[in-house]
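The values are calculated or read from the model by the stated rules, or taken from the named source; none is laboratory data. Computed from a predicted model, the values in this text were never measured in an experiment. Methodologically, a virtual Cβ is constructed for each residue, glycine included, from the backbone with ideal geometry; neighbour enumeration extends over all protein chains shown.
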Amino acid sequence: MVSFRKKRIKTENAVNEILRAARNTSGILISEVSHALRISQDYLVLLEAGLYPKLPGEVYVKNFIKAYANYLHLNSGELLDFYKREKDVYKNIQPAENSRMMSPVKFLSRFYFFSIPKLIKIASVSCVVFIAMLYLGFKVEAIIRPPELFVTTPASDILVDGKYIEVQGITEEESVVTINGQDVLVNTDGSFSERINLSNGINEIVVTARKNHSKENTILRKVVVREKE
């Protein structure tokens, strides 16, 4: 392929314009030129359009111009000089155009220089926000989560003869424990023990534990007092 890309030059001596004008003036179809010169019509269309880089190569371009000029009874030597002049003008214009164009390497360098730190910054901020939200979620869950509660005695659904029973258990530190709605003392290790009175028949013992702003943890025990005959 031709080693340069021709920029359309608006002069009366542009080779492609001279060839096209001469053919039109002579009333010759481009297909007739193609048949006479045995040159592909597509190549002749490109030649008349000044799209030299799309032609097979520099040698072909010059031969096409020479053959086309001779066919149209034009001065082929003069046209080749015009072509050389256009090529030289293009070479002088091209560096200036290239200087205004950013090379792929420079473009990528600028992209990475400006974009990568920005992406890292966005990713870092997003990561910090995510960790903060995760931490906040854990803190909120820890606040509203009901404390652990275990009632060691009595077991549920037991039959007793006495009028009172000892309720014992353990919960988390700083928890508030109630038995049937009454606050009971909780030791520093979370253990508690309270004696409650019983009535004949079925007695429900409701033990609850909670912390500030937390949900309640509730355990129900049923104790049956045997009625004396």
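Numerical summary
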item: Index of the failed condition, GLU141 passing every other in (1) farther than 30 Å from SER26 by Cβ; (2) at pLDDT 65 or above; (3) surrounded by 10 or more Cβ atoms within 10 Å (Cβ to Cβ); result: (3)
item: Flag if GLU32 is under 17 Å from LYS87 (Cβ atoms) and charged (D, E, K, R); result: no
item: Residue in region 149-174 that is nearest to LYS215 (Cα to Cα), counting only those that are outside any loop (DSSP other than H, G, I, E, B) and of a type in the set (Ser, Thr, Tyr); result: THR171
item: Residues being at pLDDT 90 or above, surrounded by fewer than 13 Cβ atoms within 10 Å (Cβ to Cβ) and in a loop (DSSP other than H, G, I, E, B) - total across region 1-60; result: 2
